[in-house]
Amino acid sequence: MRTERTSSSTTARILIVGGGFAGVNAAAGAIATIGSAGDRVAVGLISPDPFWVMKPRLYERDLTGVRVPLAEVLDPLGVTRHQASVRAIDTDQRQVVLDDGSTLAYDQLVLAAGSRLALPDGPGVHCADSYEQAVELRSAVDALRSGGRRFRAVVVGGGFTGIELAAELAHDAEVTLLAAPTLAPGYGPRARKLIEESLGSLGVAVRAGVRVSEVADGAVLLSDNDWISAELVAWATGPRASELTAQIPAARDSLGRLLVDGYLRAGAPGVWAAGDSACAKVDATHSSVMSCQHAGPQGRRAGENAAAVALGRKPRAYRQALYLTCLALGEREGLLTCGFERNTVLASGQEAAQMKRAINHGLIYPPAGQDRQAMLKIGKQAPPGRPLAAAIARGALRSRRVRAKVAGAAPERSAAYATAERDAAEALS
Ligand SMILES: Cc1cc2nc3c(=O)[nH]c(=O)nc-3n(C[C@H](O)[C@H](O)[C@H](O)COP(=O)(O)OP(=O)(O)OC[C@H]3O[C@@H](n4cnc5c(N)ncnc54)[C@H](O)[C@@H]3O)c2cc1C
(Lines give C-alpha, C1' and ligand atoms only; values in the text may rest on other atoms or scores of the structure.)
Protein backbone atom coordinates (compact mmCIF):
# COMPACT_ATOMS: atom_id res chain seq x y z
CA MET A 1 0.00 0.00 0.00
CA ARG A 2 1.39 3.39 -1.03
CA THR A 3 1.16 5.90 1.77
CA GLU A 4 1.37 9.62 1.33
CA ARG A 5 0.97 12.19 4.01
CA THR A 6 0.83 15.91 3.71
CA SER A 7 1.88 16.23 7.31
CA SER A 8 4.20 18.78 8.76
CA SER A 9 4.21 19.41 12.46
CA THR A 10 3.11 23.03 12.13
CA THR A 11 0.54 22.81 9.35
CA ALA A 12 -2.96 21.62 10.21
CA ARG A 13 -4.64 19.64 7.43
CA ILE A 14 -8.26 20.10 6.48
CA LEU A 15 -9.57 17.48 4.07
CA ILE A 16 -12.90 17.86 2.34
CA VAL A 17 -14.47 14.75 0.82
CA GLY A 18 -16.74 15.69 -2.09
CA GLY A 19 -16.72 18.38 -4.76
CA GLY A 20 -20.42 19.23 -4.88
CA PHE A 21 -22.40 22.03 -3.28
CA ALA A 22 -21.37 21.17 0.27
CA GLY A 23 -17.73 20.41 -0.56
CA VAL A 24 -17.00 23.51 -2.63
CA ASN A 25 -18.76 25.78 -0.13
CA ALA A 26 -16.71 24.12 2.63
CA ALA A 27 -13.53 24.93 0.72
CA ALA A 28 -14.53 28.60 0.34
CA GLY A 29 -15.58 28.79 4.01
CA ALA A 30 -12.33 27.24 5.23
CA ILE A 31 -10.09 29.48 3.10
CA ALA A 32 -12.06 32.62 4.05
CA THR A 33 -11.71 31.73 7.74
CA ILE A 34 -8.01 30.93 7.49
CA GLY A 35 -7.37 34.35 5.97
CA SER A 36 -3.80 35.44 6.46
CA ALA A 37 -2.97 32.32 8.52
CA GLY A 38 -2.53 30.32 5.29
CA ASP A 39 0.86 28.95 6.35
CA ARG A 40 -0.75 27.30 9.41
CA VAL A 41 -3.57 25.41 7.68
CA ALA A 42 -3.66 23.54 4.34
CA VAL A 43 -6.92 22.66 2.64
CA GLY A 44 -7.41 19.74 0.23
CA LEU A 45 -10.53 18.50 -1.53
CA ILE A 46 -11.03 14.94 -2.78
CA SER A 47 -13.49 14.11 -5.54
CA PRO A 48 -13.43 11.44 -8.24
CA ASP A 49 -15.16 13.89 -10.56
CA PRO A 50 -13.11 16.84 -11.86
CA PHE A 51 -16.37 18.78 -12.20
CA TRP A 52 -18.80 20.39 -9.76
CA VAL A 53 -22.15 19.26 -11.17
CA MET A 54 -25.09 21.67 -10.93
CA LYS A 55 -27.41 18.80 -10.02
CA PRO A 56 -30.64 20.82 -9.85
CA ARG A 57 -30.37 21.21 -13.65
CA LEU A 58 -30.11 17.48 -14.41
CA TYR A 59 -33.78 17.10 -15.38
CA GLU A 60 -33.32 19.75 -18.11
CA ARG A 61 -33.21 18.92 -21.81
CA ASP A 62 -30.13 21.01 -22.57
CA LEU A 63 -27.28 20.16 -20.20
CA THR A 64 -24.75 22.61 -21.65
CA GLY A 65 -22.63 24.21 -18.94
CA VAL A 66 -24.08 21.98 -16.22
CA ARG A 67 -20.57 21.00 -15.06
CA VAL A 68 -18.19 23.57 -13.61
CA PRO A 69 -14.54 22.42 -13.69
CA LEU A 70 -13.42 22.23 -10.04
CA ALA A 71 -10.12 23.83 -11.07
CA GLU A 72 -11.99 27.05 -11.99
CA VAL A 73 -13.07 27.46 -8.37
CA LEU A 74 -10.52 25.66 -6.24
CA ASP A 75 -7.33 26.90 -7.92
CA PRO A 76 -8.03 30.59 -7.23
CA LEU A 77 -8.79 29.62 -3.63
CA GLY A 78 -5.48 27.76 -3.28
CA VAL A 79 -7.18 24.46 -2.39
CA THR A 80 -5.30 21.28 -3.36
CA ARG A 81 -7.36 19.01 -5.61
CA HIS A 82 -7.14 15.24 -5.29
CA GLN A 83 -8.96 13.48 -8.12
CA ALA A 84 -9.78 10.24 -6.34
CA SER A 85 -12.51 8.36 -4.58
CA VAL A 86 -12.41 7.81 -0.84
CA ARG A 87 -12.81 4.14 -0.06
CA ALA A 88 -12.55 4.22 3.73
CA ILE A 89 -12.26 6.66 6.63
CA ASP A 90 -10.21 5.74 9.69
CA THR A 91 -11.39 8.11 12.41
CA ASP A 92 -8.93 6.68 14.97
CA GLN A 93 -5.88 7.27 12.79
CA ARG A 94 -7.44 10.41 11.27
CA GLN A 95 -6.82 9.37 7.71
CA VAL A 96 -8.79 8.49 4.60
CA VAL A 97 -7.98 5.59 2.28
CA LEU A 98 -8.26 6.35 -1.44
CA ASP A 99 -9.31 3.95 -4.19
CA ASP A 100 -5.67 3.25 -5.14
CA GLY A 101 -4.90 2.24 -1.55
CA SER A 102 -2.93 5.37 -0.66
CA THR A 103 -3.86 7.39 2.40
CA LEU A 104 -4.26 11.05 3.23
CA ALA A 105 -4.01 12.24 6.81
CA TYR A 106 -6.25 14.92 8.25
CA ASP A 107 -6.66 16.97 11.38
CA GLN A 108 -10.16 18.13 10.39
CA LEU A 109 -12.36 16.27 7.92
CA VAL A 110 -15.49 17.61 6.21
CA LEU A 111 -17.58 14.75 4.84
CA ALA A 112 -19.58 16.11 1.91
CA ALA A 113 -19.92 13.05 -0.31
CA GLY A 114 -23.57 13.67 -1.19
CA SER A 115 -26.07 10.94 -1.98
CA ARG A 116 -26.87 8.32 -4.60
CA LEU A 117 -30.05 6.98 -6.12
CA ALA A 118 -30.32 3.19 -6.32
CA LEU A 119 -31.81 2.04 -9.64
CA PRO A 120 -33.73 -1.22 -10.06
CA ASP A 121 -32.65 -3.67 -12.74
CA GLY A 122 -34.69 -3.53 -15.87
CA PRO A 123 -34.58 -2.53 -19.51
CA GLY A 124 -35.04 1.15 -20.31
CA VAL A 125 -34.66 2.34 -16.69
CA HIS A 126 -33.00 5.75 -16.40
CA CYS A 127 -32.62 8.55 -13.90
CA ALA A 128 -31.20 12.06 -13.63
CA ASP A 129 -29.19 11.68 -10.44
CA SER A 130 -25.70 12.09 -11.86
CA TYR A 131 -24.41 13.91 -14.95
CA GLU A 132 -23.65 10.63 -16.72
CA GLN A 133 -27.12 9.24 -15.94
CA ALA A 134 -28.78 12.46 -17.12
CA VAL A 135 -26.85 12.30 -20.41
CA GLU A 136 -27.95 8.67 -20.89
CA LEU A 137 -31.53 9.65 -20.18
CA ARG A 138 -31.36 12.43 -22.78
CA SER A 139 -29.80 10.06 -25.35
CA ALA A 140 -32.58 7.55 -24.75
CA VAL A 141 -35.18 10.29 -25.21
CA ASP A 142 -33.52 11.49 -28.43
CA ALA A 143 -33.45 7.95 -29.82
CA LEU A 144 -37.09 7.30 -28.97
CA ARG A 145 -38.44 10.52 -30.38
CA SER A 146 -36.58 10.27 -33.69
CA GLY A 147 -38.84 11.15 -36.58
CA GLY A 148 -40.96 13.35 -34.34
CA ARG A 149 -42.74 10.35 -32.81
CA ARG A 150 -44.17 10.73 -29.30
CA PHE A 151 -43.29 7.76 -27.12
CA ARG A 152 -44.65 6.41 -23.83
CA ALA A 153 -42.76 7.18 -20.63
CA VAL A 154 -43.36 6.30 -17.01
CA VAL A 155 -41.88 8.43 -14.24
CA VAL A 156 -41.61 6.67 -10.89
CA GLY A 157 -41.76 9.00 -7.88
CA GLY A 158 -44.05 11.94 -7.21
CA GLY A 159 -41.59 14.15 -5.30
CA PHE A 160 -39.64 17.18 -6.57
CA THR A 161 -37.46 15.37 -9.10
CA GLY A 162 -40.23 13.09 -10.37
CA ILE A 163 -42.50 16.08 -10.99
CA GLU A 164 -39.77 18.08 -12.75
CA LEU A 165 -38.80 15.10 -14.91
CA ALA A 166 -42.42 14.30 -15.83
CA ALA A 167 -43.10 17.91 -16.83
CA GLU A 168 -39.92 18.02 -18.93
CA LEU A 169 -40.51 14.64 -20.60
CA ALA A 170 -44.06 15.69 -21.51
CA HIS A 171 -42.45 17.77 -24.25
CA ASP A 172 -41.62 14.55 -26.15
CA ALA A 173 -43.71 11.78 -24.61
CA GLU A 174 -47.04 10.61 -23.26
CA VAL A 175 -46.11 10.56 -19.58
CA THR A 176 -47.62 8.63 -16.68
CA LEU A 177 -46.36 9.75 -13.28
CA LEU A 178 -46.57 7.12 -10.54
CA ALA A 179 -46.76 8.69 -7.10
CA ALA A 180 -46.93 6.65 -3.91
CA PRO A 181 -48.54 7.33 -1.57
CA THR A 182 -49.49 10.63 -3.16
CA LEU A 183 -48.36 13.34 -5.59
CA ALA A 184 -46.10 16.05 -4.12
CA PRO A 185 -46.24 14.62 -0.59
CA GLY A 186 -44.15 17.42 0.87
CA TYR A 187 -46.48 20.19 -0.37
CA GLY A 188 -49.57 21.68 1.25
CA PRO A 189 -53.02 21.39 -0.40
CA ARG A 190 -52.96 24.76 -2.19
CA ALA A 191 -49.56 24.19 -3.76
CA ARG A 192 -50.42 20.58 -4.62
CA LYS A 193 -53.53 21.71 -6.48
CA LEU A 194 -51.42 24.08 -8.60
CA ILE A 195 -48.97 21.27 -9.36
CA GLU A 196 -51.83 18.93 -10.37
CA GLU A 197 -53.28 21.60 -12.64
CA SER A 198 -49.92 22.28 -14.32
CA LEU A 199 -49.20 18.60 -14.88
CA GLY A 200 -52.73 18.15 -16.22
CA SER A 201 -52.28 20.97 -18.71
CA LEU A 202 -49.05 19.33 -19.91
CA GLY A 203 -50.92 16.05 -20.45
CA VAL A 204 -49.15 14.15 -17.65
CA ALA A 205 -51.38 11.38 -16.26
CA VAL A 206 -50.86 10.98 -12.50
CA ARG A 207 -51.53 7.63 -10.82
CA ALA A 208 -51.29 7.96 -7.06
CA GLY A 209 -50.96 5.13 -4.54
CA VAL A 210 -49.33 2.61 -6.88
CA ARG A 211 -45.78 1.33 -6.97
CA VAL A 212 -43.78 -0.54 -9.60
CA SER A 213 -43.53 -4.30 -8.97
CA GLU A 214 -41.57 -5.22 -12.08
CA VAL A 215 -39.93 -3.56 -15.06
CA ALA A 216 -40.16 -5.57 -18.28
CA ASP A 217 -39.25 -4.78 -21.87
CA GLY A 218 -41.61 -1.97 -22.93
CA ALA A 219 -43.90 -2.12 -19.90
CA VAL A 220 -44.05 -1.93 -16.10
CA LEU A 221 -46.16 -4.03 -13.74
CA LEU A 222 -47.84 -2.00 -11.01
CA SER A 223 -48.65 -2.99 -7.45
CA ASP A 224 -52.36 -3.13 -8.42
CA ASN A 225 -51.46 -5.81 -11.05
CA ASP A 226 -52.01 -3.46 -13.96
CA TRP A 227 -49.44 -3.45 -16.78
CA ILE A 228 -48.79 -0.12 -18.48
CA SER A 229 -46.63 0.33 -21.54
CA ALA A 230 -43.39 2.22 -21.00
CA GLU A 231 -40.69 2.60 -23.62
CA LEU A 232 -38.74 4.63 -21.11
CA VAL A 233 -38.83 4.49 -17.31
CA ALA A 234 -37.46 7.48 -15.38
CA TRP A 235 -36.71 6.59 -11.77
CA ALA A 236 -36.99 9.34 -9.16
CA THR A 237 -37.79 7.69 -5.85
CA GLY A 238 -35.30 9.59 -3.71
CA PRO A 239 -31.60 9.06 -3.00
CA ARG A 240 -29.74 7.74 0.04
CA ALA A 241 -26.72 9.35 1.66
CA SER A 242 -23.24 8.26 0.53
CA GLU A 243 -22.15 4.92 1.90
CA LEU A 244 -19.13 6.71 3.39
CA THR A 245 -21.38 7.93 6.21
CA ALA A 246 -21.32 4.34 7.56
CA GLN A 247 -17.56 4.77 8.14
CA ILE A 248 -18.16 7.34 10.86
CA PRO A 249 -19.04 5.82 14.23
CA ALA A 250 -22.13 7.98 14.78
CA ALA A 251 -25.91 7.82 14.56
CA ARG A 252 -27.59 8.10 11.14
CA ASP A 253 -31.16 8.70 10.05
CA SER A 254 -33.33 6.47 7.83
CA LEU A 255 -31.72 7.99 4.69
CA GLY A 256 -28.24 7.11 5.98
CA ARG A 257 -27.42 10.76 6.80
CA LEU A 258 -25.16 11.50 9.76
CA LEU A 259 -27.04 13.17 12.60
CA VAL A 260 -24.82 16.19 13.18
CA ASP A 261 -24.92 18.53 16.16
CA GLY A 262 -25.64 22.27 16.07
CA TYR A 263 -22.10 22.95 14.85
CA LEU A 264 -22.24 20.23 12.15
CA ARG A 265 -19.90 17.94 14.11
CA ALA A 266 -20.45 14.33 13.11
CA GLY A 267 -19.69 12.30 16.20
CA ALA A 268 -15.99 11.44 15.72
CA PRO A 269 -13.21 13.86 16.73
CA GLY A 270 -12.38 16.33 13.98
CA VAL A 271 -15.19 15.15 11.68
CA TRP A 272 -17.82 17.51 10.27
CA ALA A 273 -20.57 16.62 7.80
CA ALA A 274 -22.68 18.69 5.42
CA GLY A 275 -25.13 18.44 2.54
CA ASP A 276 -26.88 15.23 1.50
CA SER A 277 -24.57 13.22 3.79
CA ALA A 278 -25.79 15.11 6.88
CA CYS A 279 -29.02 15.66 8.75
CA ALA A 280 -28.84 18.96 10.64
CA LYS A 281 -31.36 21.01 12.56
CA VAL A 282 -32.03 24.16 10.55
CA ASP A 283 -34.16 25.71 13.31
CA ALA A 284 -35.85 24.61 16.54
CA THR A 285 -38.24 22.20 14.79
CA HIS A 286 -37.05 21.37 11.28
CA SER A 287 -34.23 19.23 9.93
CA SER A 288 -32.41 19.88 6.68
CA VAL A 289 -33.61 18.22 3.49
CA MET A 290 -31.43 16.90 0.69
CA SER A 291 -31.12 20.11 -1.31
CA CYS A 292 -28.39 22.44 -2.52
CA GLN A 293 -30.25 25.13 -0.61
CA HIS A 294 -29.13 23.40 2.60
CA ALA A 295 -25.95 21.78 1.28
CA GLY A 296 -24.32 25.12 0.38
CA PRO A 297 -24.70 26.98 3.68
CA GLN A 298 -23.98 23.81 5.67
CA GLY A 299 -20.82 23.22 3.68
CA ARG A 300 -19.79 26.83 4.19
CA ARG A 301 -20.29 26.60 7.96
CA ALA A 302 -18.62 23.17 8.22
CA GLY A 303 -15.58 24.52 6.35
CA GLU A 304 -15.50 27.66 8.52
CA ASN A 305 -15.73 25.57 11.67
CA ALA A 306 -13.08 23.07 10.59
CA ALA A 307 -10.73 26.00 9.93
CA ALA A 308 -11.66 27.78 13.17
CA VAL A 309 -10.92 24.68 15.26
CA ALA A 310 -7.68 24.08 13.34
CA LEU A 311 -6.65 27.63 14.35
CA GLY A 312 -7.67 27.08 17.99
CA ARG A 313 -10.83 29.17 17.72
CA LYS A 314 -14.41 28.36 18.62
CA PRO A 315 -16.82 26.90 16.03
CA ARG A 316 -20.05 28.75 15.24
CA ALA A 317 -23.54 27.26 15.26
CA TYR A 318 -25.38 26.47 12.01
CA ARG A 319 -28.88 27.87 11.58
CA GLN A 320 -30.90 28.50 8.41
CA ALA A 321 -34.32 29.93 8.95
CA LEU A 322 -35.48 30.70 5.39
CA TYR A 323 -36.72 27.74 3.35
CA LEU A 324 -37.91 28.17 -0.24
CA THR A 325 -38.73 25.66 -2.93
CA CYS A 326 -38.80 26.52 -6.61
CA LEU A 327 -40.25 23.77 -8.75
CA ALA A 328 -40.06 23.67 -12.56
CA LEU A 329 -43.27 22.57 -14.24
CA GLY A 330 -42.06 22.44 -17.82
CA GLU A 331 -40.37 25.38 -19.46
CA ARG A 332 -43.24 27.79 -19.07
CA GLU A 333 -44.53 27.21 -15.53
CA GLY A 334 -43.18 26.86 -12.05
CA LEU A 335 -44.05 27.18 -8.39
CA LEU A 336 -42.17 29.13 -5.72
CA THR A 337 -43.18 28.35 -2.14
CA CYS A 338 -41.93 29.48 1.21
CA GLY A 339 -41.75 27.57 4.50
CA PHE A 340 -41.53 23.89 5.38
CA GLU A 341 -45.28 23.36 4.95
CA ARG A 342 -44.71 24.31 1.28
CA ASN A 343 -48.12 25.90 0.98
CA THR A 344 -47.35 29.62 0.98
CA VAL A 345 -47.17 30.32 -2.73
CA LEU A 346 -44.90 33.28 -3.52
CA ALA A 347 -45.06 32.89 -7.30
CA SER A 348 -46.54 30.50 -9.85
CA GLY A 349 -46.90 30.09 -13.60
CA GLN A 350 -44.54 31.95 -15.89
CA GLU A 351 -43.18 34.19 -13.16
CA ALA A 352 -42.00 31.19 -11.12
CA ALA A 353 -40.56 29.62 -14.29
CA GLN A 354 -38.42 32.75 -14.71
CA MET A 355 -37.29 32.53 -11.08
CA LYS A 356 -36.38 28.88 -11.60
CA ARG A 357 -34.29 29.78 -14.65
CA ALA A 358 -32.57 32.52 -12.64
CA ILE A 359 -31.80 30.01 -9.88
CA ASN A 360 -30.69 27.11 -12.12
CA HIS A 361 -28.63 29.15 -14.56
CA GLY A 362 -27.38 31.91 -12.29
CA LEU A 363 -27.80 31.81 -8.54
CA ILE A 364 -26.50 28.29 -7.92
CA TYR A 365 -23.36 28.89 -10.02
CA PRO A 366 -20.08 30.19 -8.64
CA PRO A 367 -18.94 33.58 -9.94
CA ALA A 368 -17.32 33.36 -13.35
CA GLY A 369 -13.79 34.52 -14.14
CA GLN A 370 -11.64 32.71 -11.54
CA ASP A 371 -11.74 35.75 -9.26
CA ARG A 372 -10.37 34.77 -5.82
CA GLN A 373 -12.15 37.53 -3.91
CA ALA A 374 -15.48 36.54 -5.50
CA MET A 375 -14.83 32.83 -4.88
CA LEU A 376 -14.17 33.52 -1.18
CA LYS A 377 -17.79 34.67 -0.91
CA ILE A 378 -19.31 31.45 -2.29
CA GLY A 379 -22.13 30.43 0.03
CA LYS A 380 -21.94 33.67 1.98
CA GLN A 381 -24.98 35.27 0.40
CA ALA A 382 -26.93 32.08 1.05
CA PRO A 383 -30.34 32.37 2.70
CA PRO A 384 -29.91 34.34 5.91
CA GLY A 385 -29.50 32.34 9.07
CA ARG A 386 -31.31 34.63 11.45
CA PRO A 387 -35.11 34.39 11.83
CA LEU A 388 -35.53 38.16 11.51
CA ALA A 389 -33.50 38.31 8.33
CA ALA A 390 -35.46 35.32 7.00
CA ALA A 391 -38.75 37.08 7.73
CA ILE A 392 -37.52 40.18 5.90
CA ALA A 393 -36.43 38.08 2.91
CA ARG A 394 -39.78 36.24 2.91
CA GLY A 395 -41.65 39.52 3.06
CA ALA A 396 -39.51 40.99 0.31
CA LEU A 397 -40.13 38.00 -1.93
CA ARG A 398 -43.87 38.57 -1.66
CA SER A 399 -43.28 41.73 -3.65
CA ARG A 400 -43.63 41.17 -7.39
CA ARG A 401 -41.07 43.92 -7.99
CA VAL A 402 -38.42 42.18 -5.87
CA ARG A 403 -39.03 38.81 -7.52
CA ALA A 404 -38.75 40.36 -10.96
CA LYS A 405 -35.51 42.00 -9.88
CA VAL A 406 -34.05 38.70 -8.62
CA ALA A 407 -35.08 36.90 -11.81
CA GLY A 408 -33.69 39.66 -14.01
CA ALA A 409 -30.54 40.41 -12.04
CA ALA A 410 -29.11 36.90 -11.83
CA PRO A 411 -26.46 36.60 -14.54
CA GLU A 412 -26.68 33.51 -16.73
CA ARG A 413 -23.47 32.02 -15.43
CA SER A 414 -24.26 28.63 -17.00
CA ALA A 415 -23.34 30.14 -20.38
CA ALA A 416 -20.12 31.55 -18.93
CA TYR A 417 -19.11 28.07 -17.80
CA ALA A 418 -20.06 26.26 -21.03
CA THR A 419 -16.68 26.95 -22.64
CA ALA A 420 -14.72 25.99 -19.53
CA GLU A 421 -16.73 22.76 -19.34
CA ARG A 422 -16.07 21.90 -22.99
CA ASP A 423 -12.33 22.66 -22.73
CA ALA A 424 -11.94 20.60 -19.54
CA ALA A 425 -13.90 17.68 -21.00
CA GLU A 426 -11.74 17.75 -24.16
CA ALA A 427 -8.56 17.86 -22.10
CA LEU A 428 -9.72 14.81 -20.15
CA SER A 429 -10.75 12.73 -23.14
C1 LIG B 1 -32.64 16.29 -10.85
C2 LIG B 1 -32.35 16.97 -9.53
C3 LIG B 1 -33.00 18.16 -9.23
C4 LIG B 1 -32.73 18.81 -8.02
N5 LIG B 1 -33.36 20.00 -7.76
C6 LIG B 1 -33.05 20.69 -6.66
C7 LIG B 1 -33.62 21.97 -6.41
O8 LIG B 1 -34.44 22.47 -7.20
N9 LIG B 1 -33.26 22.64 -5.29
C10 LIG B 1 -32.35 22.11 -4.41
O11 LIG B 1 -32.05 22.77 -3.42
N12 LIG B 1 -31.82 20.89 -4.59
C13 LIG B 1 -32.13 20.16 -5.70
N14 LIG B 1 -31.56 18.94 -5.90
C15 LIG B 1 -30.75 18.32 -4.85
C16 LIG B 1 -29.34 18.87 -4.81
O17 LIG B 1 -28.75 18.82 -6.08
C18 LIG B 1 -28.52 18.07 -3.81
O19 LIG B 1 -29.17 18.07 -2.57
C20 LIG B 1 -27.13 18.68 -3.68
O21 LIG B 1 -26.42 18.50 -4.88
C22 LIG B 1 -26.39 18.04 -2.51
O23 LIG B 1 -25.11 18.59 -2.45
P24 LIG B 1 -23.90 17.72 -1.86
O25 LIG B 1 -22.69 18.55 -1.97
O26 LIG B 1 -24.29 17.18 -0.54
O27 LIG B 1 -23.82 16.47 -2.85
P28 LIG B 1 -23.41 16.45 -4.38
O29 LIG B 1 -23.72 17.72 -5.05
O30 LIG B 1 -24.04 15.20 -4.91
O31 LIG B 1 -21.85 16.27 -4.36
C32 LIG B 1 -21.25 15.10 -3.83
C33 LIG B 1 -19.80 15.10 -4.18
O34 LIG B 1 -19.15 14.03 -3.50
C35 LIG B 1 -18.33 13.31 -4.42
N36 LIG B 1 -18.17 11.95 -3.92
C37 LIG B 1 -19.10 10.97 -3.87
N38 LIG B 1 -18.56 9.86 -3.36
C39 LIG B 1 -17.27 10.15 -3.07
C40 LIG B 1 -16.18 9.38 -2.54
N41 LIG B 1 -16.33 8.11 -2.17
N42 LIG B 1 -14.98 9.99 -2.39
C43 LIG B 1 -14.82 11.30 -2.76
N44 LIG B 1 -15.82 12.05 -3.26
C45 LIG B 1 -17.02 11.48 -3.42
C46 LIG B 1 -19.08 13.44 -5.74
O47 LIG B 1 -18.24 13.17 -6.84
C48 LIG B 1 -19.51 14.89 -5.67
O49 LIG B 1 -18.46 15.72 -6.05
C50 LIG B 1 -31.82 18.25 -7.10
C51 LIG B 1 -31.17 17.05 -7.40
C52 LIG B 1 -31.43 16.42 -8.60
C53 LIG B 1 -30.72 15.12 -8.92
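The values are calculated or read from the model by the stated rules, or taken from the named source; none is laboratory data. All figures in this text were calculated on a predicted structure; none of them were measured in a lab. Ideal geometry is used to build each Cβ from the backbone, glycine not excepted, and the neighbour counts take in all protein chains shown.
General remarks:
- Positions within segment 167-183 being in contact (Cβ under 8 Å) with a residue 60 or more places away in the chain and either surrounded by fewer than 22 Cβ atoms within 10 Å (Cβ to Cβ) or of a type in the set (A, V, I, L, M) (or both), in sequence order: Ala167, Leu169, Ala170, His171
- Unmet requirement for Ala234, which otherwise passes all of (1) within 21 Å of Glu174 (Cβ to Cβ); (2) more than 14 Å from the ligand (Cβ to nearest atom): (2)
- Filtered residue count, segment 227-249, keeping only those that are outside any strand (DSSP E or B), surrounded by fewer than 18 Cβ atoms within 10 Å (Cβ to Cβ) and modelled with pLDDT of 95 or more: 3
- Residue within segment 7-17 that is under 17 Å from the mean Cα position of the chain (by Cα) and under 30 Å from Ala236 (Cα atoms) present: yes
- Residue within segment 101-109 that is within 24 Å of the chain's Cα centre (by Cα), aliphatic (A, V, I, L, M) and within 30 Å of Thr11 (Cβ to Cβ) present: yes
- Here Ala241, Ala153 are screened, and the one residue that is within 16 Å of the ligand (Cβ to nearest atom) and more than 22 Å from the chain's Cα centre (by Cα) is Ala153.
- Matching residues in segment 318-340 - criterion: being modelled with pLDDT under 95, among the charged types (D, E, K, R) and in the same structural domain as Ala390 (by TED's automatic domain parsing): Glu331, Arg332
- Within segment 310-333, tally of residues that are over 19 Å from the mean Cα position of the chain (by Cα) and surrounded by 20 or more Cβ atoms within 10 Å (Cβ to Cβ): 2
- Asp100 being outside any helix (DSSP H, G or I), at pLDDT 95 or above and in the same structural domain as Ala274 (by TED's automatic domain parsing): yes
- Contact map, segment 269-298: first residue in contact (Cβ under 8 Å) with a residue 12 or more places away in the chain and under 13 Å from Leu244 (Cβ atoms), second residue of a type in the set (S, T, N, Q) and away from the ligand (no atom under 11 Å from the Cβ), Cβ cut-off under 7 Å, separation 6 or more or different chains; pairs are Val271/Thr91.
- The selection criterion, being within 30 Å of Ser201 (Cβ to Cβ), assigned to a loop (DSSP other than H, G, I, E, B) and within 14 Å of the ligand (Cβ to nearest atom), does not hold for Arg357.
Here is a yes/no grid of residues against (1) more than 13 Å from the ligand (Cβ to nearest atom); (2) crowded, with 24+ Cβ neighbours inside 10 Å; (3) polar (S, T, N, Q); (4) in the same structural domain as Phe160 (by TED's automatic domain parsing):
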{"residue": "Gly19", "(1), (2), (3), (4)": "no, yes, no, no"}
{"residue": "Gly23", "(1), (2), (3), (4)": "no, yes, no, no"}
{"residue": "Ala26", "(1), (2), (3), (4)": "no, yes, no, no"}
{"residue": "Ile31", "(1), (2), (3), (4)": "yes, yes, no, no"}
{"residue": "Ala37", "(1), (2), (3), (4)": "yes, no, no, no"}
{"residue": "Ala42", "(1), (2), (3), (4)": "yes, no, no, no"}
{"residue": "Ser47", "(1), (2), (3), (4)": "no, yes, yes, no"}
{"residue": "Pro56", "(1), (2), (3), (4)": "no, no, no, no"}
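- Check on Ile14, away from the ligand (no atom under 14 Å from the Cβ), in a helix (DSSP H, G or I) and over 23 Å from Gln293 (Cα atoms): no
- Residue within segment 32-55 that is touching a helix residue (DSSP H, G or I) at 6+ places or on another chain (Cβ under 6 Å) and assigned to a loop (DSSP other than H, G, I, E, B) present: yes
- Asp92 being outside any loop (DSSP other than H, G, I, E, B), modelled with pLDDT of 95 or more and more than 11 Å from the ligand (Cβ to nearest atom): no
- Residues (of a type in the set (Lys, Arg), within 14 Å of the ligand (Cβ to nearest atom) and over 18 Å from Phe21 (Cβ atoms)) located in segment 296-354: Arg342
- Residue in segment 69-82 that is farther than 24 Å from Met290 by Cβ, near the ligand (Cβ under 10 Å from one of its atoms) and in a strand (DSSP E or B) present: yes
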